[in-house]
Each structure stands twice: as structure tokens, then as C-alpha cells.
Amino acid sequence: MPNFINPELVPKHKLYTGQKIPCIGMGTFGSDRFTPEQVSEAVGGAIRSGYRLFDCAAIYGNEDLIGGVFKDAFDKGVVRREELFIISKVWNDMHEPENVLNSIKKTLMDLQLDDVDAYVIHWPFRNYHAPGCDGDARNPDSKPFSVDDFIATWRQMEELVRMGLAKTLGMSNMTIPKLEAVLPLCKIKPALIEMELHPSFQQEELFNYCVEREILPVGFCPIGSPTRPDRDKTPDDVVDTQIPEILEIAKVHNVHPAIICLKWAVQRGQIPIPFSVHENEYISNLRSTIEAPLTDEEMAIIKSVDRNCRLIKGQVFLWEEAKGWEDLWDLDGSITK
């Protein structure tokens with residue numbers, strides 16, 4: 001089977017909980033460019049190709065179709081449930097404590113699972129925006145980050161673990177000031193934190209902060225997310241796959257520059273979750289983890305291309321008094337009020 005990569009050969013990380021998780025996964029956010037049918041079909045192909053980690057979310061609008069793919073794969077013996085590591089997330093409009101349980105119940109019904117391997121707070125705000133809105137859209141009910149609100153949601157997340165609906169928990173789109181505020185209050189520490197990570201946005205300080213605390217970084221936009229929503233594109237964005245140093249290393253390895261971005265991510269120690277509906281691309285992404293590693297010199301070169309270029313700015317979550325998207329990210333070292 002030339003398009004099958006033996007999952008046993010793909011390196012794994014061990015979470016502080018003892019769970020093992022593959023060093024690369026498939027993201028499933030494609031709603032701005034691809035239909036749920038296309039995304040779920042790609043998930044099926046990815047399972048058959050050897051993928052064992054899938055990053056899902058309720059807001060992506062495709063968990064019901066992906067659930068059918070999972071069930072079909074289990075029923076046909078393509079893969080066993082225990083072989084997959086499945087992540088899902090609670091969306092911003094379901095942060096109210098009474099809604100967290102309803103959110104995961106809907107996800108489990110859609111995914112046709114008894115539990116998820118990790119359940120993640122998608123954004124640390126209860127701020128909601130309409131699907132498909134433009135970058136200037138604002139919800140008048142949006143508010144700055146609140147430690148009290150976040151921990152109220154986290155307490156219900158912790159309850160999901162006790163109920164057996166989630167094996168472990170995670171956070172996403174956090175900053176060091178926010179983590180400093182909430183981690184001491186957690187009864188169950190997050191096992192992973194999803195964050196934007198790619199060569200032009202390496203977030204070294206946040207990355208190291210998490211690693212030092214045995215929290216595994218999971219990197220979205222690992223190749224610079226060329227298919228991200230148009231509202232998230234600005235003229236100053238760096239295109240990772242066009243960085244001259246990345247292109248030169250790709251030429252040496254005779255691969256697409258996206259593969260170099262993924263090799264760098266895996267060797268650095270984060271888990272990239274690239275998304276593609278194209279079989280040749282997602283197979284190449286997985287194969288990159290077991291073939292031709294980058295040299296120490298190449299890793300050092302890629303470290304030098306960091307441009308602090310955040311692509312997913314989150315401006316649709318801003319509150320009325322906010323000055324700009326920077327207020328979401330606590331750039332001065334303190335939580336923006």
C-alpha cells in the first residue's frame with residue numbers, strides 16, 4: 001500500500017497524563033473554503049493513510065459527517081477507537097457553565113463517540129461572532145478576558161473528565177499573562193495548549209513556558225494557513241512557504257516548502273495539525289515525519305526566520321473599548337482590561 005504510512009513508525013509524545021499522542025495530526029477547519037463533505041472525505045482518506053490524530057471543533061460545522069467517517073472506519077476494522085486521538089473544542093457561545101456539558105454531549109453525538117481524548121476551550125473569551133462574518137464585525141456583548149468567567153468554564157471542563165466524557169483537557173489561544181492567572185486555579189492542569197505556530201511566528205517565549213510546565217504545544221497554521229479566511233489576511237503577512245531560507249532548504253531536500261515547515265515543527269517538539277483535502281498533500285505531510293530529518297544547521301536557519309507574524313489575529317472577538325486586535329494578546333505583559 002504505497003499511500004499507507006505505518007502509524008507505528010510515526011513518533012509520539014507522552015502527555016503528563018500518560019496518554020500517547022502522534023507527533024502530527026490532521027486539522028478539520030475548512031469551512032471557509034471546503035464543504036463538510038470534502039473535509040469528512042479527507043478524514044476518511046487520512047485514516048486509511050495512517051493518520052491517528054484528528055483535531056475537531058463544534059464550530060467547524062462538520063463533526064456530524066466526520067462522526068460517520070469514524071464509525072465507518074471502526075465498523076470496517078480499518079482502525080480501532082483506541083488507536084485514534086481525537087480532540088474537540090467548546091465554542092465561545094457555550095462557555096456558560098450550564099452549557100459546557102451540552103456542548104460536549106452534542107459533539108459526542110455528532111462524532112459518534114463515547115468520549116474524546118482531549119476537550120479544549122477554543123478561545124478564552126465568551127465573545128461570539130456570526131459564522132462567516134467579515135473582519136470588521138463586532139458583537140456588542142463582547143467583553144475582555146475574565147479570570148472568573150474562564151475558571152467557571154474550566155470547572156465544568158474538569159467535571160467532564162470526572163464523568164468520563166473527556167480523557168484530558170486543553171486550552172487554546174492563550175497568552176502567558178492569562179496562563180499565569182488561571183493555571184494556579186486549575187484542579188486539572190491542561191495537557192495541551194493549541195497556539196499559532198509556524199516559522200514566521202514561533203512564539204518562543206510561550207512555547208518554552210508551556211514545555212517547562214509539561215503542557216504540550218499543538219500548533220495550528222503550521223504552514224502559514226494559505227486557506228485561512230480572507231478576514232484574517234493583511235498586506236503585511238509573511239508567506240512561510242515563500243521565505244527564501246525555507247525555499248532553499250526545500251530545494252536541498254527536493255520537497256515542497258510546506259514539508260520543511262512541518263519537519264521543523266515536529267523536530268522542534270510541537271504537534272502540527274495541517275489541513276488538506278488533497279490526498280497527495282496529506283499523505284506527504286504524514287510521510288514527512290518519518291523521512292529525511294532536518295539537520296541541526298537547517299533547524300538553526302529556520303529559527304532565525306521568525307518575524308513575529310501573527311496570522312490569526314482574532315479581531316472579530318474584540319469588545320467595544322478595545323483599541324485593536326493586539327488587545328487580545330496582552331502584548332505589554334499584562335491582561336488587557
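The values are calculated or read from the model by the stated rules, or taken from the named source; none is laboratory data. Since we're looking at a predicted model, the values are computed, not measured. Cβ sites come from the backbone with ideal geometry, for glycine too, and all protein chains shown count toward neighbours.
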query = Of the numbered conditions (1) surrounded by fewer than 17 Cβ atoms within 10 Å (Cβ to Cβ); (2) more than 21 Å from residue 129 (Cα to Cα); (3) polar (S, T, N, Q), residue 35 satisfies every one except a single condition; which is it?
reply = (2)
ask   = Could you say whether any residue in the stretch 57-80 is outside any loop (DSSP other than H, G, I, E, B), more than 19 Å from the chain's Cα centre (by Cα) and either without any contact (Cβ under 8 Å) to a residue 12 or more places away in the chain or within 30 Å of residue 212 (Cβ to Cβ) (or both)?
value = yes
query = Which of the residues spanning the stretch 161-217 are closer than 24 Å to residue 318 by Cα, touching a strand residue (DSSP E or B) at 6+ places or on another chain (Cβ under 8 Å) and charged (D, E, K, R)?
reply = 194, 196
remark   = Out of (1) modelled with pLDDT of 95 or more; (2) over 30 Å from residue 20 (Cβ atoms); (3) surrounded by 16 or more Cβ atoms within 10 Å (Cβ to Cβ), the one residue 316 does not meet is (1)
ask   = Considering the stretch 12-54 alone, what residues qualify as being in a loop (DSSP other than H, G, I, E, B) and in contact with a helix residue (DSSP H, G or I) (Cβ under 7 Å, 6 or more places away or on another chain)?
value = 23, 24, 28, 29, 30, 31, 50, 51, 52
message = Quick check on my filter: what residues within the stretch 1-28 are of a type in the set (A, V, I, L, M) and more than 18 Å from residue 167 (Cα to Cα)?
response = 1, 5, 9, 10, 24, 26
request  = Please specify each residue of the stretch 270-322 satisfying the condition of being charged (D, E, K, R) and within 23 Å of residue 228 (Cα to Cα).
outcome  = 279, 281, 306, 307, 310, 313
message = Quick test for you: out of 51, 60, pick the one residue that is closer than 23 Å to residue 222 by Cα, aromatic (Phe, Trp, Tyr) and surrounded by 24 or more Cβ atoms within 10 Å (Cβ to Cβ).
response = 51
